[in-house]
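This report concerns only the one structure given below.
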Amino acid sequence: MEKGYLLLESGDVFPGICVGKHKPVTGEIVFNTSMTGYQEIMTDPSYAGQIMTFCYPLIGNYGVNEQDSEKETIHMQGAVFSNLCALPSHFQSIKTVDRWLKQSGVPGLAGVDTRAIVKRVRKKGTMKAMIADTPDVSAEVWNRPLSAKWVARVSAKKIRTYEGKGPHVVLIDYGYKKSMLSALLDGGCKVTVVPYNTPFDTVASLHPDGIMLSNGPGDPMQLSDLFGTIRKIASAYPTLGICLGHQLIALSFGAKTGKLLFGHRGANHPVKETDTGRVWITSQNHSYVVEKDSVALDAFDLTYLNVNDGSVEGLRHRSLPIETVQFHPEAHPGPDDTHPVFARFIETIKKNKGEVRHAFTY
C-alpha cells in the first residue's frame, strides 16, 4: 500500500493510500453527496477534468457491474474515498472499484478524511487540486491553467442512429449519459446522436422532429462560438436542454451564466415547480447556473427554482416549444421524480407534428 496525497490550491494537504492507477494528476476538486450510484457517477462525462470526492464514507460495497455505467470509460481525472471496499458483495459484481480504476488508468486515494475536504471546499469553493505521491509540489503547478476542452474530448466523433417507431430526436452530444438515450428510446423515439459542433444544415438534413441538448462538462462559455447555431436549431424544432444543454440554450438567447461556490452534485436536491408549487427531489451535477436577473422574462418563464439557494432550475419559452432543466430528469443515480419531463417533451413533439393528443399530466 503506497501513500499518496491530495493537494489543494489553498495549501491544504490530505494524506491517503493510492488506489487505481498510480500517477500524478491535476483537476478541479468537487464533491458528490449521493449515498449510492458511484458507478453511474464515475462514468458521467460531466465530471471530465475533475477530481471527485465522495461524501458517503463507504464506496465500492456492491462492486462494479456490467449494467450501470453511463459511458464505457471513466472521464473524471481522479477519485477520493474515505473507505473503499476491497471485498464487494453483490451477485452482479464483476470487479472492485480499485481494479476498475487501474484498468481505466484513473488514479484515486482511499483512507482520506473526505469530510475535511468537503468542509474546505464549501468554505473556499472549487479549486485546483492534485493527486500526488509527495506532499511537496512546485508553486508552478498551481499557475498552470486547467484544460477547457473537455466537451470536445467526451462528445461523439460521428453520427449514430438508434432506430425507433416514434418521433425522431436528434441528441446533440456534449457528454450525454446512457440514461438520457434510454429515456428517449423507452418513449418510442428514434434517436440520432450527433457531435457537439454539428452545423445546422447537417442537423436539418437528418429531418428531426425534435432536438435534445445533453449534459456535459465545463464552463458553457467555452462553447460561445456555437451559440448562433444553437439558437437557430432551437428556434426551428421542439427542443429540450438538460444541464449544460439548459445553460447553452439560455446563453444562446441572451442570458448569462455564473459559477457557484461549490456547485450542486448529489441525488437529493429539491426544486420547486413555479406553476404548481410542488417540490421535486432531483439528481444534479453542475458548477454553473443561469443568472436569474439575466433571463429575458418577456421571452422565457422560470419553470423551476432551487429550494436551497433560489437558483434557476428550468426555463420555458413563451412562444417557441423550448424547455430546459438544470437537473437530471433521467436520474441514475437519484430519484426519478422529474422523469415526466421526457414524456412532456415527446408530447410536445407530437403536437408540433400535428399529432395532437391529450395533455400529459403527472
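Within segment 227-241, whose backbone N sits under 19 Å from a point 7 Å along Cα→Cβ of LYS351?
Inside the label zone: 234-241.
Work from the charge dipole of segment 3-143 (Cβ charges, +1 for Lys and Arg, -1 for Asp and Glu, about the Cα centre) and give the residue of ILE59, ALA116, PHE81 farthest towards its positive end.
Result: ALA116.
Using 0.36 nm times the number of residues separating ASN308 and ARG115, minus their current alpha carbon distance, what extension gain do you get?
Residue separation times 0.36 nm, minus the Cα-Cα distance, leaves 67.4 nm.
Looking only at GLU163, GLU291, GLU313, which one moves most when the chain is put into a Gaussian network model with springs between Cα atoms under 10 Å?
The residue with the greatest mean-square fluctuation here is GLU163.
Per residue of the chain, what 222 nm ellipticity follows from adding -39500 (n - 2.57) for every DSSP H run with n ≥ 4, rounded to the nearest 500?
-6000 deg cm²/dmol
Compute the relative contact order of the chain as a whole-number percentage, counting only Cα pairs closer than 8 Å that sit 6 or more residues apart in sequence.
This gives 15 percent for the chain.
Anyone know which of PRO135, PRO333, PRO107 comes out most mobile in the 10 Å Cα GNM of the chain?
PRO135
Percent antiparallel among DSSP beta bridges with both residues in the chain, to the nearest 5?
So the antiparallel bridges amount to about 60 percent of the total.
Can you give the alpha-carbon Rg of segment 3-143 over 2.2 N^0.38 Å, where N counts its residues?
0.98
In whole percent, what relative contact order does segment 48-152 give with Cα contacts below 8 Å and a gap of six or more residues?
Computed value for segment 48-152: 29 percent relative contact order.
In whole percent, what relative contact order does segment 208-254 give with Cα contacts below 8 Å and a gap of six or more residues?
Dividing the mean separation by the residue count of segment 208-254 yields 53 percent.
List, in order, the whole-Hz ³J(HN,Hα) value for each residue of segment 308-314 obtained from phi through the Karplus relation with A = 6.51, B = -1.76, C = 1.60 and θ = phi - 60°; use x for Gly and Pro.
Values per residue, Gly and Pro as x: 6, 10, x, 6, 6, 10, x Hz.
Say we join alpha carbon atoms closer than 10 Å with springs in a Gaussian network model of the chain; which of PRO270, PRO335, PRO145 then has the biggest fluctuation?
In this elastic network of the chain, the residue with the biggest mean-square fluctuation among PRO270, PRO335, PRO145 is PRO145.
With a cut-off of at most 16 other beta carbons within 10 Å, and DSSP calling the residue loop, which chymotrypsin sites (Phe, Trp or Tyr not before Pro) in segment 1-103 qualify? Please list them.
PHE91
Between HIS22 and SER147, what is the label-to-label distance in nm when each label sits 7 Å out along the Cα-to-Cβ direction?
2.4 nm
What dipole magnitude, in Debye to the nearest 20, does the chain give about its Cα centre under +1 on Lys/Arg Cβ and -1 on Asp/Glu Cβ?
It comes to approximately 280 debye.
Could you tell me which of the pairs LYS149/LYS350; LYS71/LYS190; LYS71/LYS149; LYS190/LYS272; LYS190/LYS256 are separated by over 25 angstrom between their Cα atoms in the structure shown?
LYS149/LYS350; LYS190/LYS272; LYS190/LYS256
Can you order the peptides 225-233, 167-175 by their average number of other Cβ atoms within 10 Å per residue, highest first?
167-175, 225-233
Give me the one-decimal nm value for the distance between modelled label points at GLN67 and ALA236, 7 Å along each residue's Cα-to-Cβ direction.
A separation of 4.0 nm, rounded to one decimal place.
What trypsin sites (Lys or Arg not before Pro) does segment 163-219 have in DSSP loop regions with at most 13 other beta carbons within 10 Å?
Loop-located and lightly packed - LYS165.
For the chain, what is the Kirkwood estimate of the hydrodynamic radius, computed as the reciprocal of the mean inverse distance between distinct Cα atoms, to one decimal in Å?
Result for the chain stands at 20.9 Å.
If each residue of separation counts as 0.36 nm, what is the full-extension length gain between THR202 and VAL13 once their alpha-carbon separation is subtracted?
Result: 63.1 nm gained on full extension.
To the nearest 20 debye, what is the magnitude of the charge dipole of segment 99-183 about its Cα centre, counting +1 on the Cβ of each Lys and Arg and -1 on the Cβ of each Asp and Glu?
280 debye
Calculated FRET efficiency, SER224 and LYS124, Cβ-Cβ r, R0 22 Å, to nearest 0.05?
For R0 = 22 Å, the calculated efficiency reads 0.20.
Roughly what would the spin-label model give for SER138 and HIS90, points 7 Å off Cα along C-beta, in nm?
4.2 nm
Which one of LEU181, LEU171, TRP150 is farthest out on the positive end of the charge dipole of segment 145-185, using unit charges on Cβ (Lys, Arg +1; Asp, Glu -1) and the Cα centre as origin?
Positive-end residue among those listed: TRP150.
A short reminder: the numbers here are calculations on the coordinates, not readings from a lab. Everything quoted here is computed from the prediction, not taken from an experiment. Cβ sites come from the backbone with ideal geometry, for glycine too, and all protein chains shown count toward neighbours.
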